[in-house]
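Peer 1: My questions will all concern the structure given below.
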Amino acid sequence: MPPSALRPFIAESPIHRAPIAEAVAAAAAALPPGTRVLDAGAGDAPYRPLFAHCAYVTQDWPGTVHEGARAADVIADLHDLPVEDGSFDAVICTEVLEHVAEPARVLDELARVLRPGGSLLITVPFVGGLHEEPHDHYRYTSHGLRGLLDRAGFTGVEVEPLTGYYATLSHVLRHAAMNTTPIGVTPRPLARLAGSLLLALSELLRRVAPALDRRLDTRHALPIGWVARATAAGPGAGTGTGTGV
């Protein structure tokens, strides 16, 4: 389980962030001490405590909306990193690929900066409201994400759903008010009432969603998003012909 330092971050969007944090925590725990790790698109670097045993490097772009990211170790566009080939043993990239204009080019860069045999952990959304506009470009299917990773030259690609259907439904209900009212606008009384009722319904569903997902969701066709794990084959392995999906 993720350490207590992550609890406030997860609590802001627990259904979405908890499975991502668990995936990152498992990946971090598997890395030996001294591993050089790039957190690509790190934002406020909430996962930093998980990599205390590693040489942890953060990256974000100059236009970031995250205040903490302005002190990132590498401030540069993810499409063109000022980093030498094979500089990192591992890369994590969580909930970033929807914000880049050319995801295939970004994955080519991540493959380039990883040493051969280095590991990539990436998460992407499938269901979720617009955010960080206008820099919100894509939502991904599992097949589209796998294709992008394959074309970037990654091997051993594994893609798994972050949630089942019922957890996704609970997440959508939880954020009804946020996704139905323009940013900066005070919701009308009826909208506030509807949002409160749906939030309460979301909390009830959240308690039983794991059991429902285990018993009833055998297709996994509507998760919140996906987590992918892959291995770098080395610079130049990809075709560089992938497209956003």
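The values are calculated or read from the model by the stated rules, or taken from the named source; none is laboratory data. Only a predicted model underlies this, so the values are computations on that prediction, with no experimental measurement involved. Every residue, glycine among them, receives a Cβ derived from its backbone with ideal geometry; neighbour counts consider all protein chains shown. With ligands, DNA and RNA removed, areas are computed over all heavy atoms of the protein, side chains included. Shrake-Rupley method; radii C 1.70, N 1.55, O 1.52, S 1.80 Å.
Peer 1: Give me the three principal axis extents of the stretch 1-117 from the C-alpha atoms, as integers in angstrom, largest value leading.
Peer 2: Extents along the principal axes: 35, 32, 24 Å.
Peer 1: Which percent of Cα-Cα pairs in the stretch 51-135 sits in each 10 Å bin, short to long?
Peer 2: In order of increasing distance, the bins hold 15, 50, 30, 4 percent.
Peer 1: In whole Hz, with x marking every Gly and Pro, tabulate ³J(HN,Hα) for the stretch 113-118 from phi via Karplus 6.51 cos²θ - 1.76 cosθ + 1.60, θ = phi - 60°.
Peer 2: After applying 6.51 cos²θ - 1.76 cosθ + 1.60, I find 7, 7, 5, x, x, x Hz.
Peer 1: Give me the accessible area of THR168, 1.4 Å probe, in Å² rounded to the nearest 10.
Peer 2: 0
Peer 1: Could you give the length gained by full extension between ASP80 and GLU160, i.e. 0.36 nm per residue of separation minus their alpha carbon distance, to one decimal place?
Peer 2: Length gained between ASP80 and GLU160: 26.0 nm.
Peer 1: Under a crude label model (7 Å from the Cα following the beta-carbon direction), how far is LEU201 from THR141 in nanometres?
Peer 2: Label at LEU201, label at THR141, 2.9 nm between them.
Peer 1: Separate question: Which order do the peptides 169-177, 191-199 take when ranked by the mean count of other beta-carbon atoms within 10 Å per residue, highest first?
Peer 2: For the peptides 169-177, 191-199, the packing ranking is 169-177, 191-199.
Peer 1: Still on this structure: Describe numerically, in nm with one decimal, the distance between label points set 7 Å from Cα along Cα→Cβ at HIS53 and at GLU133.
Peer 2: For HIS53 paired with GLU133, the spin-label model returns 4.4 nm.
Peer 1: Moving on. With each pseudo-label sitting 7 Å past Cα toward Cβ, what's the ALA221-ARG188 distance in nm, one decimal?
Peer 2: Taking the two extended label points, one gets 3.5 nm.
Peer 1: Looking at the chain, what % of the alpha carbon pairs are farther apart than 27 Å?
Peer 2: Counting every Cα pair in the chain, those more than 27 Å apart make up 36 percent.
Peer 1: Quickly estimate the mean residue ellipticity at 222 nm for the chain, helices only: each DSSP H run with n ≥ 4 gives -39500 (n - 2.57), and the total goes over all residues, rounded to 500.
Peer 2: Calculated from helices alone, the mean residue ellipticity at 222 nm is -11000 deg cm²/dmol.
Peer 1: Accessible area, 1.4 Å probe, largest first: how do ARG214, ARG48 sort?
Peer 2: ARG214, ARG48
Peer 1: Is the shape of the stretch 107-231 rounded, prolate or oblate, going by the alpha carbon gyration tensor and its root eigenvalues a ≥ b ≥ c, with a/c under 1.5 for rounded and a/b larger than b/c for prolate?
Peer 2: Oblate shape, in that a/c is at least 1.5 and b/c is the bigger or equal ratio.
Peer 1: Residues of the stretch 65-88 with backbone nitrogen within less than 17 Å of a virtual label 7 Å along the Cα-to-Cβ line of ARG105, please, listed as ranges.
Peer 2: Of the residues in the stretch 65-88, 76-83 have backbone N under 17 Å from the label point off ARG105.
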